[in-house]
Structure formats: structure tokens, C-alpha cells
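Data block below; observations after.
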Amino acid sequence: MNDQVILFDTTLRDGEQALSASLTVKEKLQIAFALERLGIDVIEAGFPVSSPGDFNSVKTIAENIKGSRICALARAVEKDIDAAAEALKVADEFRIHTFLSTSTIHVQDKLRRTFDDVLDMAMKSIKHARKYTDDVEFSCEDAGRTPIDNLCRIVESAISAGAKTINIPDTVGYTIPSEFGHIIEQLFNRVPNIDQAVISVHCHDDLGLSVANSIAAVQAGARQVEGTINGLGERAGNTALEEVAMILQTRGDFFSASTNINSKEISRTSKLVSQLCNMPIQSNKAIVGANAFSHSSGIHQDGMLKNKNTYEIMTPESIGLKNQGLNLTSRSGRAAVKSHMDTLGYKDGDYNLDVLYENFLKLADKKGQVFDYDLESLMYFSNLRDEDDFFKLNYLSVQSGSVMSTTSIKLQCGDEEKCEAAVGNGPVDALYQCIYRVTGYDITLDKFDLTAKGEGEDGLGQADIIANYKGRKYHGTGVSTDIVEAAGEALLHVINSLHRADEIEQIKQRKHTEA
Ligand code: KIV
Ligand code: ZN
């Protein structure tokens with residue numbers, strides 16, 4: 001028998017919780033579309049009661065995604081469950097995920113309750129959630145450290161109250177695989193109504209064992225695995241779902257369980273999540289690291305040339321990596337760019353061809369040859385921009401050396417072009433002074449990163465900043481062959497979002513005053 005393991009993705013909830021700057025609704029929707037295409041069964045889109053922004057994202061995702069079930073998180077209290085149901089109700093079918101701590105340390109020291117109180121609260125909240133949907137999941141937070149007798153009791157009660165999925169999280173990443181597998185085994189042996197629910201696991205990676213623990217649980221009978229793309233999540237992160245999917249696919253000889261994942265979408269989804277979340281992937285990471293399919297030692301290369309199976313247990317193509325071998329130049333037309341994007345696995349709705357082509361031509365003029373990785377960077381960058389951006393960098397000149405740097409700019413501000421010049425401690429500092437002066441936004445930088453995208457001296461430079469404005473953090477990205485320009489674009493990315501939000505606020509206030 002080949003059972004299906006449900007993959008439950010919480011990149012947009014547990015993963016997003018761990019980012020220094022929140023994702024926008026637009027970015028979350030982009031990720032949700034990628035997860036849907038990847039074949040994720042359940043997408044946990046957020047925690048609606050936590051903020052109006054989260055509520056709005058869950059609602060937007062529930063409105064737009066049809067191929068995956070959308071789920072929202074709620075503490076075991078009525079107002080959270082009501083908010084989750086309100087955000088999700090635009091979908092035909094949805095899941096409410098409610099949770100409560102069950103370990104002694106959490107029950108006594110965090111909740112300051114007894115275990116019997118917890119049992120009662122869990123039952124009540126599950127019953128309340130069932131008023132909105134048949135698909136209710138209950139999580140026993142810190143199950144990995146919960147005494148097994150208590151865990152069996154609460155799992156039995158939760159199922160009898162109507163939970164259809166029971167999640168067993170190793171919230172603090174404390175257990176080891178044989179131990180965690182044994183917890184799942186005991187639940188199957190001791191809980192009388194266990195066959196009425198799907199047993200799920202949600203493992204954190206504090207000891208680097210989240211994937212191993214999840215796989216041990218699958219071997220013991222769990223049929224839902226929760227996790228995130230690239231293993232994002234609280235502290236050391238969550239189970240990397242791309243690893244779970246490829247383990248079950250590559251070792252189909254060993255497991256009698258498979259997933260709905262279209263593995264050819266893994267690479268694309270992983271890059272998108274890394275880019276939008278501003279979380280680079282370590283190059284030796286399993287499955288999606290840049291080196292995951294490269295062979296360096298002479299002996300390995302020799303083996304690969306003779307027979308790829310000597311050192312390759314899965315192919316790069318199986319996760320959607322493609323080497324086109326043909327590069328684009330400024331003489332390439334729109335059709336050639338589109339055909340390249342098709343081959344890289346991007347669909348028409350993933351990008352605006354007019355904007356991409358305009359940016360492609362600018363880059364091709366500067367660089368000569370445009371490679372696949374350049375095209376992907378341009379696409380991410382073009383998607384972050386709105387055609388109606390108020391501020392646009394029309395001209396940039398930099399003078400720098402071993403003395404103070406001078407920068408002058410021409411900045412398009414709506415219909416007007418403004419000029420400014422400044423001296424700074426390095427060209428980026430001077431450029432940022434100019435931009436602050438012209439736009440009037442006073443921003444503090446919490447983080448500034450420069451990364452080379454692609455190979456060689458003429459590769460694209462990507463600047464990522466975390467900007468702090470009035471106590472809130474914003475992520476800005478800019479891409480260019482000129483790293484100072486990339487830094488300027490990253491700052492303008494943030495300032496344009498702030499300006500758009502300010503404009504919306506002013507319109508609201510005007511309407512309020514008129515009413
Ligand atoms: O780690 C955890 O226990 C969680 C729960 C909310 C499922 O994220
Ligand atoms: Zn978690």
C-alpha cells in the first residue's frame with residue numbers, strides 16, 4: 001500500500017514569524033501561488049487575530065488559491081477562532097488550526113493552569129471551531145516534552161470533540177528520531193479513537209533533527225508533515241518540506257508513502273521564498289543549496305563522467321534545475337525572453353513581460369550577455385516594483401576614492417524631477433543623504449547586505465536593506481550591475497511603499513473629514 005503523506009506548509013505563518021521585516025500581502029500571495037503549483041496540500045496562510053495585516057493576507061490568499069486548502073491559526077480562545085473563520089470564509093473549504101500547550105512546564109509556568117483546565121479549553125475551542133468547518137486541526141504545543149499519559153488523554157479528547165487532524169509538535173526541537181517515532185507509535189497503540197483522525201507532526205530544528213524526526217514519525221504512522229520551504233521558522237527553523245518530499249520520492253523503495261508534490265517546482269519555489277523573505281540559502285543545504293548538485297573532487301567528477309549514478313542519487317532536473325546553455329543578448333526579442341522564461345518554468349502570470357523586457361534590454365546593453373540567473377533576478381526585481389512608483393532614480397553620478405565620496409542624483413518625484421548632491425562617508429552614504437533630503441523620509445538602516453547574483457565581475461549586484469521607519473521594519477531590494485545604484489533602488493523600494501501607504505492614509509482621512 002502506498003499511503004499519501006499530506007504536506008502542510010507554514011512558511012507564511014511559522015516562517016514569516018521569524019523574519020525581521022514582515023512580508024506584504026502581495027509577496028505572501030506570490031508565495032501562496034508558488035506553493036499551490038508545487039502541490040502543497042494545506043497552506044497555513046497566517047494568524048488572523050494577530051494583526052489587521054495578517055487578517056487581510058489570509059483573506060486574500062483564501063480568495064485566490066483554489067488548488068490547496070487554506071488554513072489559519074488560532075489560539076484556543078473564541079475570539080481567535082472567530083477571526084480565523086471570518087478571514088477564511090471566502091473559501092469554499094478551509095481549515096481552522098487551534099493550539100494549546102500540553103507539556104507540564106508550559107501548562108504550569110506559561111499558562112498557569114492545571115492539565116484538566118487545558119483539556120477543557122481544548123475541547124471547548126475544537127467544538128467552537130467545528131461550528132465553522134468540519135476541518136479542524138488541534139495542536140498539542142510542546143508535545144515532544146509532554147508526559148505520554150497526558151498526551152494520550154488530550155489526543156483522545158480532542159478527537160472526540162471533533163478534531164480531524166491532531167498535530168504533535170516538537171515545538172522546541174528537543175526530541176531525537178527514535179524517541180519521537182516512539183511517541184507517535186504509542187499514540188497509535190494507546191488512543192482508542194486514533195483511527196478517526198490524521199496524525200500530523202511539526203518539528204523544529206534546534207538540534208538539527210527536524211527532518212529526521214518528521215521522517216521517523218512517518219515511519220511510525222504519521223500522515224501529515226508540517227514544515228516550511230527552505231526550513232524557515234522560529235529560531236533554528238522548521239522541517240524543510242522540500243527535503244521531506246525528496247526523501248519520500250528518492251527512497252520510494254524504502255517508504256510505502258508518497259506526497260502530491262511536483263518536485264520540478266522545488267527549485268523555483270525555494271528561490272522565490274529565499275528572495276522575498278530575504279533569507280539566503282546556505283550553499284551546502286540539502287536539495288536547494290547552490291552546491292547540492294555540484295561535484296568538486298576529481299574522483300567524483302571522473303565517476304560522474306562514467307556513470308552519473310555513481311555519485312548522484314537524484315538529478316538536478318528532478319527539482320526543476322535547468323541549464324539552457326543559450327544566453328540572451330540585446331538583439332534577443334521579447335519572444336526569446338518569454339521562451340526562456342517558459343523553459344525556466346515561469347508562467348505568464350508570474351511576471352509582466354513588458355516590464356521584464358524593458359529591464360532586460362537595459363541590462364543587455366550594459367552586460368552584453370544575459371544569463372538565466374540574471375533573468376530570474378530581473379524578474380523578482382520587476383515584480384517588486386509598481387509602474388506607478390512615485391520616486392524613480394533617473395540619474396546617478398558617484399565620485400569616490402580614498403577621500404569622502406560625492407554623489408549627485410536626479411530623482412523623479414511624481415511629475416517633477418528634482419536634483420540633489422551630497423557628500424558622505426562612502427558612496428552609499430552620500431546617495432542615501434540625497435534620497436532622504438529629496439523625499440523627506442527619515443529612515444534608519446538596521447541592516448545592509450550586498451550579494452552578487454550570478455557569476456563573474458559583470459554579475460548583477462543585489463542590495464537588501466532592513467529599514468526602520470517609526471519603529472516598523474521594512475525590507476527593500478535593488479538589483480543593478482552597479483552596486484551603488486542597487487543600494488539606491490533598495491532604499492527607493494522601501495520609500496515608495498511608505499509613500500503609497502501615506503497616500504492611502506491621507507485619502508482615508510480626507511474621506512473621514514468630509515463625512
Ligand atoms: O511549534 C509549534 O508548536 C507551533 C504550533 C502553533 C503548531 O508552531
Ligand atoms: Zn512551530
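The table that follows gives values for the structure above.
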{"item": "Segments 313-320, 21-28 sorted - mean Cβ within 10 Å per residue, highest first", "result": "21-28, 313-320"}
{"item": "Loop-located trypsin sites (Lys or Arg not before Pro) in the range 459-505, at most 13 other Cβ atoms within 10 Å (DSSP)", "result": "LYS470"}
{"item": "Assigned charges on the beta-carbon of Lys, Arg, Asp, Glu; the range 206-365 dipole about Cα centre (debye)", "result": "260"}
{"item": "Principal axis dimensions, largest first and in whole angstrom, of the range 60-189 by Cα", "result": "40, 30, 25"}
{"item": "Overall Cα dimensions of the range 77-147 - principal axes, largest extent first, Å", "result": "39, 20, 16"}
{"item": "GluC sites (Glu not before Pro) lying in DSSP loop within the range 87-156, provided at most 16 other Cβ fall within 10 Å", "result": "GLU93"}
{"item": "Exposure ranking of ARG37, ARG385 by accessible area [1.4 Å probe, largest first]", "result": "ARG37, ARG385"}
{"item": "Reciprocal of mean inverse Cα separation for the chain (Kirkwood radius, Å)", "result": "25.0"}
{"item": "Highest to lowest packing among 403-413, 65-75, scored as the average C-beta count within 10 Å", "result": "65-75, 403-413"}
{"item": "Compactness of the range 236-374 - radius of gyration and Dmax, Cα, Å", "result": "17.7, 53"}
{"item": "Solvent-accessible ranking of PHE254, PHE390, PHE360, largest area first, probe 1.4 Å", "result": "PHE254, PHE390, PHE360"}
{"item": "Using alpha carbons only: equivalent-ellipsoid semi-axes of the range 388-515, gyration tensor based, whole Å", "result": "28, 17, 14"}
{"item": "Estimated 222 nm signal from helices in the chain, with DSSP H stretches of n ≥ 4 weighted -39500 (n - 2.57), rounded to 500", "result": "-13000 deg cm²/dmol"}
{"item": "Of VAL479, HIS128, GLY221, farthest towards positive along the dipole that unit charges on Lys, Arg, Asp, Glu beta carbons give the chain", "result": "HIS128"}
{"item": "Check: the range 391-513 dipole with +1 on Lys, Arg Cβ and -1 on Asp, Glu Cβ, in debye", "result": "700"}
{"item": "The chain: angle of helix 241-250 to the longest principal axis, Cα-based, in degrees nearest 10", "result": "70"}
{"item": "Accessible area (Å², 1.4 Å probe, nearest 10) - LYS418", "result": "80"}
{"item": "With Cα atoms, 0 to 90° folded angle of helix 78-88 axis to the chain main axis", "result": "60"}
{"item": "Per-residue SASA entry for SER178, accessible area with 1.4 Å probe, Å² rounded to 10", "result": "90"}
{"item": "Accessible surface of the chain [probe 1.4 Å, protein heavy atoms]: carbon and sulfur percent", "result": "49"}
{"item": "Per residue accessible area of the range 6-277, 1.4 Å probe, in Å²", "result": "36"}
{"item": "Kirkwood-based shape ratio for the range 6-277, expressed as Rg/Rh from alpha carbons", "result": "0.94"}
{"item": "ASP386, ASP372, ranked by accessible area, largest first (probe 1.4 Å)", "result": "ASP386, ASP372"}
{"item": "Listed residues GLY208, SER263, ASN307: farthest to the positive end of the dipole of the chain (Cβ charges)", "result": "SER263"}
{"item": "Translational diffusion of the range 12-127, µm² s⁻¹ [Kirkwood Rh, Cα pairs; Stokes-Einstein; 25 °C; 0.890 mPa s]", "result": "165"}
{"item": "Antiparallel DSSP beta bridges within the chain, as percent of all bridges there, nearest 5", "result": "50"}
{"item": "Dipole magnitude of the chain, debye to nearest 20 (Cβ charges: Lys/Arg +1, Asp/Glu -1, about Cα centre)", "result": "260"}
{"item": "Å³ per residue enclosed by the Cα convex hull of the range 298-380", "result": "117"}
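The values are calculated or read from the model by the stated rules, or taken from the named source; none is laboratory data. Computed from a prediction, not measured in an experiment: that's the story for all the values here. No Cβ is skipped: glycine too gets one built from the backbone with ideal geometry, and neighbour counts run over all protein chains shown. Quick note on the areas: whole protein, heavy atoms, side chains included, nothing else; ligands and nucleic acids left out. Shrake-Rupley method; radii C 1.70, N 1.55, O 1.52, S 1.80 Å.
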